[in-house]
Amino acid sequence: MKELVEFIAKALVTDPSQVRVEEEDRGDVIVLHLYVAPEDMGRVIGRGGRVANAIRTLLRVAATRQGKRVMLEIG
């Protein structure tokens, strides 16, 4: 799932070299932290958070198929 977030984020931003995803295991939940360049933050979040919510939806589907729960934090 880390690779999925990284792939989507690199496609959205203007500086793909600044994309970094860290994975944290909190027992029954996997937390993914997405870091991008400050000028690309708006592209990843989107107007009204639409892009971020779409990424979270895709992650939820991928996690459900694997029997896991996942959270995405952008910062």
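Taking the chain as the reference, fit the longest principal axis to its C-alpha atoms, fit the long axis of helix 2-12 to the helix C-alpha atoms, and give the angle between the two in degrees, 0 to 90, nearest 10. Long axis of 2-12 versus the principal axis of the chain: about 20 degrees. A simple spin-label model places pseudo-atoms 7 Å from Cα toward Cβ; at R43 and D15 they are separated by 1.1 nm. Angle check, please: helix 50-65 long axis (alpha carbons) against the longest principal axis of the chain (alpha carbons), in degrees 0 to 90, nearest 10. Between helix and principal axis, roughly 30 degrees.
Per the Kirkwood treatment, what hydrodynamic radius in Å, one decimal, follows for the chain from the mean inverse distance over all distinct Cα pairs? Walk me through the numbers before you get to the answer.
Working: mean 1/r = 0.0807 Å⁻¹.
About 12.4 Å, per the Kirkwood formula over Cα pairs.
Here, each number is a calculation from the coordinates, and none is a lab measurement. If you're wondering where the values come from, they're calculated on a predicted model, not measured in any experiment. With ideal geometry, Cβ positions are generated from the backbone for all residues, glycine too; neighbour counts draw on all protein chains shown.
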